1. Too long at a 32 Å Cα-Cα cut-off: which of 655/761; 236/324; 119/204; 161/333; 495/761; 66/434?
2. If you take every residue apart from residue 240 with its C-beta less than 13 Å away from the C-beta of residue 240, what net charge results, scoring Lys and Arg +1 and Asp and Glu -1?
3. Report in % the part of the accessible area of the stretch 731-783 that belongs to carbon and sulfur, leaving out ligands and nucleic acids; probe 1.4 Å.
4. What does the charge add up to near residue 89, with Lys and Arg as +1, Asp and Glu as -1, over the other residues with Cβ less than 11 Å from its Cβ?
5. Need one value: the accessible area of residue 558 in square angstrom, 1.4 angstrom probe, rounded to the nearest 10.
6. What is the local net charge at residue 703, summed over the other residues whose Cβ is closer than 10 Å to its Cβ (Lys, Arg +1; Asp, Glu -1)?
7. Which value, in Å² rounded to 10, gives the accessible area of residue 471 with a 1.4 Å probe and all protein chains present?
8. Working with all protein chains in place, sort 391, 88, 386 by solvent-accessible area computed with a 1.4 Å probe, largest first.
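The values are calculated or read from the model by the stated rules, or taken from the named source; none is laboratory data. Note that this is a predicted model, so its numbers are computed, not measured. For neighbour counting, all protein chains shown are included, and Cβ atoms are generated from backbone atoms with ideal geometry for every residue, glycine included. These area figures cover heavy atoms from the full protein model, side chains too; ligands, DNA and RNA do not enter into them. Shrake-Rupley method; radii C 1.70, N 1.55, O 1.52, S 1.80 Å.
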Amino acid sequence: EGIGAIAHIPSVEEESTSLTLGSDNEVWVEMTNIMEAELRASQCAKGIPISSDEVLSSLREIEIEKAFERKTNTQNASLLEKQAATRFCEEPFLVTIVFANPLETQLELTEIQLVAELKIRVGLSLTEHTSKNTDDVSGSNLLGVAPVGNGENCTRDYGAKTWTFDCCPNLVFKVPLFYADSLERSSTEEERSARMPFFCVEVKDVLMAASSVCKVTLAICPFMEGEFKILGVRYKIFDSLWAYHHFSIKGPIMQDTRLHRAHRIRGPSSLLKSTIIRKMPLLHVDVQLDAACNDGGTVSHGCSATMLEGEMSNGRFSIRNVGKAPAYQVFLKTNAPWICLAKQPDKPHPVDRSAFERMATGSCIGPTGTLMQLLPMNSVLNPGDFVDVLFQMKASSCGKRELCCLFSYECADQRTKVTAPYSYKNHGVRTVKKKIDLLVYPSFTVWASIIPSFSNKEESILSIELTNCRSDHQDQLEMSLDQVFIFSKLYRACKLDDNLHEETSLSQLGWQERIVMHYRLVPSPQDDRGCNMSMFETNNLHKRENHEGMHAFACMEHAHETFNLNAATYRRRLVRLAQQNQTEIRDIAQIRRDRSKAPPSVISDESVTSSRSNSIIVRTIGGEENEYGTIIEEPTSLTCLCSSPDSPIINVICKWQGISCRDTQSNVVLGLHHALQLPVHPPAPLESCPLTITAKYKSKVHHDFRLGTADVPFEVTVRNKIASTTLDSPAAKDSSVVDFEFSVIHPPDFELSGTQNFRCKLSGGEDVSFPMNGIFSAGGVYNLQCICLTIYEADGVNCPYFFPLQWIVHVYDEINNAPVPN
């Protein structure tokens, strides 16, 4: 008596959402919202690539809808009664109950099972039928349910039949004791034996110690659609006395009226209420990563995967449908662009080069670079089937990292029945959450810079510096640079004479060693303005692999960075509009109308002001138009990676090999490092000096000072390195014009003649050259660089610049044939 009635409030959780993240819930919520926004915008686009502005507009709508729904459900008492969890037929869920034993002796509880009620609706008559394992062993008055006696003959229609389910194969279910339903009187014995029960339960036995508390998790599985409610729990004490505990749970505090808030009135609780609907798919996902494997090749559970920064590791998603309905539209969303699918489903390799360059990489959908389609568009994963999806992972930052993977899928039986706008609620989308813990050690650091060529104003010099910064072991820290890829639409790269050759192995770098390589950037011919790839071999000691797809991670990272910049700008704009008591200017429909009306050569996204903000580029087709009259590149395509609205850019990808930081049989790992969106001519405005200054002179001069002073002529060139604009707007042209003054700081040890001071204006890409002359009275080593450039800003501020570069000239006295040290 009262022994089991001390049960605490039970907690209910779905088996499909057993992953508990605690403080990481905000990350999952944000990922879910962005994923839903991308899929909603993608469905509205009907195959046309979507922009960041469209996704952010959809995201804003979703956030407003969910905020309004939360506010309404919290304040409205009538809606709280209808706010029940949605569950699915033939899919078990768990109820955890806490039992307390107040006795000073052991207590044996047997036949522990849940007591529940299921109301179904048959046909179109909306006639209610109730199935219940009764809470009173002496009788019942529920909708004509016949009273059940001792509970032993309640399963006479089902015998000793049991059920198991693929989603929880270790649990055995049976018909609950004292089970009855309102259909028994109107059915024959043959019909009752062929009919399934409305639900089944798990039965457990527990032996409690004296004065102890224990948790018991019980499972229950509905077979029919209807309104389901868990009433309580029944159990036997010492295998002889039946006891029943009824659950009574307090609801949330109401906030709809002043009276409810003042008296802290609680509404009805919906914790134990469920709405059972159709059969649904249920996917279980197992993640296998080579970086988390031990020597035997098995996955080491409970420990973080260890990788080097930039290392690429192979992995596999094992997806199995353990539900009762086929699944389709399986997508993957990650919080970082670290995963690239090894094979793109449902996307044949295009023959046309331009089509390949415009195609999305890594099966990506949308502008974020983190949403991927795992299965082909028309592919269905039937119950019991499984599929393995191969992928590559690249760790792009050091430290302890968590890669969150959010899988979403829909029921294939409902794909033709939903006509409402896309949303997770309308389409019955289900999700699976997985997290991969990573420990990333430093490897290479890559630094790249571009300076104008001194000999040819049309060319530039690219310098790439790599440093081995490994610190994961005491030895075997050597790394080798194998290949260098340079992507650009307007330039092609050529090696300088002092670079590494293929027959050398000088690209092997030990700990803290550094290597610098220089390349010429030569403008491409006008008839070849596609995405050119220049590949350079720096080490022939290792086997070469196919370099196709080396740009995939670079495209995804560039798209992700661009979307984050757009999102930050978009949210700042919303805050500014909220402060001005204004509403959002454009929705998705308005964005598409504006884009269709805009000229093809103009970027349609007006709301973003970042220099890398445009995630799509619209171009006209040469002489022809398709259905929409334009060609739109995918945000994760190679064309978007090599395009910039401000100035010509290049992208550098370095492929390397090194000894693994793990103790595995496979001792060599591959990796990639990127240096993306390097402007050949930086756009205005610049934080540094927009001018470059060079000199052309003889570095060694011989002179007989008995005849007089030595004259060393040299030519000075001042060049505006800002990108030259081709826009017709006068304001755009004026932004690249630099107004400066040239002046000379006279050195103490020699004299200068020629141009001493002048003021000039240079547009983007223009230069000016003039002669000067150095006059020396003795031999020595001299620095001709004594020039100051003062930039005149539009706001009236003058900024002088001094240059640290040295123009060294050796003046030899023919008497002793050696320069005299200064």
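1. Pairs exceeding the cut-off: 655/761; 236/324; 161/333; 495/761.
2. Combined, the nearby Lys, Arg, Asp and Glu give -2.
3. Here carbon and sulfur together make up 53 percent of the probe-accessible area.
4. +1
5. 20
6. -3
7. 80
8. Final ranking, largest accessible area leading: 386, 88, 391.
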